[in-house]
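The values are calculated or read from the model by the stated rules, or taken from the named source; none is laboratory data. None of the values given here were measured: they were computed from a predicted structure. Reconstructed Cβ throughout: ideal geometry from the backbone, glycine too, with neighbour counts over all protein chains shown.
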Amino acid sequence: MSLQVTHTEIYKLPLPMEPFVIATEVSTVAQNTFIRIHTDQGIVGMGECSAFPMLVGETQATCFEVAKDLARLIKGKDPLEVSARLEEMNNYLAYNTTIKSAFDIALLDISAKAAGKPLYAFLGGHRKKIVTDLTIGIGEPEAMAETAKGFVRRGVETIKIKLGKKGSDDVRRVKGIREAVGADIALRIDANQGWDYDTAVKTLNALDPYGIQFCEQPIHHHFDHLLPSLRLESPIPLMADESVFNHYDAIRLIEANACDYVNIKLAKSGGIMEAIRIANTAREYGVPCMLGGMLESRLALTAKVHLAMSHDNIRFYDLDTCLLGQLEDPVLGGAVYHGFELQVPEEPGIAADIDPEFLAHCEKVTV
């Protein structure tokens, strides 16, 4: 079977949200881009990405413009040759992994639909239980503790705490949350590169009594060479996030004994295909992975859940982006939350689309 790309629709998909604070940024709008790749046999692939400028270096505006070039590149070609199409994109343009991830999702959506399988099955996976954590953005320690109490009342089992400001304040934040939620709730922390080395050492040791599962990206990726030493000095396991964009980064850090875990995000990896390479690479070294995200809608979230179901080395799930104060949900179909467990439809592909009424108000171009 072969198909041919006839045209691609590209939309700016801004999603308003309540302010969400991390060490490097305050987000009030999710800067997303949505694409539909059309084929000559009527199969349409959906893809979405969420730009996070401070972490990945792309904006909604750059994604929208680059998408035009990538759409021209694949026009008239077979979308079922996913690896070939992605290789052409990478040969044409370095980096720009965020917008490439939208094309990766859409191409795989087409392939799974053509095969008549849900994406997870097309990728060789099986249904399994996916339960996400829920994240608390940076705020005053007392307010964060109250938020954590509310999370527990909603049935949360694992809380992720954003840190990366003044170390002593971060300790107060975690101490207050642990006291508020008790000993049975799992806590993980994410400094988003916010600490310097000395602050990281001091803070991680001060946080040890509070039973922290792991710490994501304690220092800036510019200082990856210091991670092996930090790992030796930290009583808390370290997870590499902003330091790992691809499987070559994973090899570099794991072989340097720089991390205990790796966090995979489609906006960093350029999509599912490279995410699988990262997970496979980490598995070879015995290093488990987490699957996270930026501020995607439920459309890209659905693709992530399919990925999580397709790979047994993805063991931790930070798939709460749609629960972090997004004020509109324009997605039709797709993954749904049952409490904090995520389930996906059994229809072919990702079985998700964006409401035409919402898109009517979005900037669009067709290539």
Worksheet entry | Hey, Y197 among the hydroxyl-bearing types (S, T, Y) and either at pLDDT below 95 or under 22 Å from M290 (Cβ atoms) (or both) or not | no
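Just to be sure, is D78 of a type outside the set (S, T, Y), within 21 Å of A335 (Cβ to Cβ) and not assigned by TED's automatic domain parsing to the domain that holds G293? Lay out the reasoning, then the answer.
Working: of a type outside the set (S, T, Y): yes; within 21 Å of A335 (Cβ to Cβ): no; not assigned by TED's automatic domain parsing to the domain that holds G293: yes.
Criteria not met by D78.
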Worksheet item: Residues in the stretch 75-87: is at least one polar (S, T, N, Q) and either touching a strand residue (DSSP E or B) at 6+ places or on another chain (Cβ under 6 Å) or under 30 Å from D170 (Cα atoms) (or both)?
Response: no
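Here is a check on your reading of the model: is P345 over 30 Å from E65 (Cβ atoms) and either surrounded by fewer than 21 Cβ atoms within 10 Å (Cβ to Cβ) or of a type in the set (G, A, S) (or both)?
Values: over 30 Å from E65 (Cβ atoms): yes; either surrounded by fewer than 21 Cβ atoms within 10 Å (Cβ to Cβ) or of a type in the set (G, A, S) (or both): yes.
Taking the combined requirement at face value, the residue satisfies it.
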Item to complete: Can you confirm whether the stretch 43-58 contains a residue that is surrounded by fewer than 22 Cβ atoms within 10 Å (Cβ to Cβ), under 21 Å from G333 (Cα atoms) and at pLDDT 95 or above?
Response: yes
Worksheet entry | Condition met for A183 (part of a loop (DSSP other than H, G, I, E, B) and either at pLDDT 95 or above or of a type in the set (D, E, K, R) (or both)) | yes
Practice prompt. Among the residues of the stretch 91-101, count how many are assigned to a helix (DSSP H, G or I) and more than 20 Å from the chain's Cα centre (by Cα).
Written response: 2
Worksheet item: Residue check: is F34 in contact with a Leu (Cβ under 9 Å, 6 or more places away or on another chain) and closer than 29 Å to E347 by Cβ?
Response: yes
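Of the residues A250, A191, which single one is within 26 Å of K100 (Cα to Cα) and touching a strand residue (DSSP E or B) at 6+ places or on another chain (Cβ under 9 Å)?
On the way: A191 fails: within 26 Å of K100 (Cα to Cα).
Going through A250, A191 in turn, the sole match is A250.
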Discussion item. If S297 satisfies all but one of (1) under 19 Å from I37 (Cβ atoms); (2) over 14 Å from the mean Cα position of the chain (by Cα); (3) of a type outside the set (F, W, Y), what's the number of the condition it fails?
Written reply: (2)
Worksheet item: If you check R283 against the conditions, is it under 22 Å from T132 (Cα atoms) and in the same structural domain as L342 (by TED's automatic domain parsing)?
Response: yes
Worksheet entry | The one condition in (1) under 19 Å from the mean Cα position of the chain (by Cα); (2) in contact (Cβ under 8 Å) with a residue 60 or more places away in the chain; (3) under 21 Å from F245 (Cβ atoms) that V82 fails to fulfil | (1)
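Let's see how each residue does on (1) surrounded by 23 or more Cβ atoms within 10 Å (Cβ to Cβ); (2) β-branched (V, I, T); (3) out of contact with any helix residue (DSSP H, G or I) (no Cβ under 8 Å at 6 or more places or on another chain):
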position: A94; (1), (2), (3): no, no, yes
position: L108; (1), (2), (3): yes, no, no
position: A115; (1), (2), (3): no, no, no
position: A145; (1), (2), (3): no, no, no
Discussion item. Given the criteria in the same structural domain as L207 (by TED's automatic domain parsing) and either over 16 Å from the mean Cα position of the chain (by Cα) or crowded, with 19+ Cβ neighbours inside 10 Å (or both), does L323 qualify?
Written reply: no
Worksheet item: If you check K160 against the conditions, is it of a type outside the set (D, E) and modelled with pLDDT under 95?
Response: no
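Are any residues in the stretch 115-166 among the hydroxyl-bearing types (S, T, Y), touching a residue at least 60 places away in the same chain (Cβ under 8 Å) and part of a helix (DSSP H, G or I), and if so, which ones?
Applying the first criterion (among the hydroxyl-bearing types (S, T, Y)) to the stretch 115-166 yields 120, 132, 135, 147, 158.
Cutting the leftovers down to touching a residue at least 60 places away in the same chain (Cβ under 8 Å) gives us 120, 132, 135.
Correct list: Y120 only.
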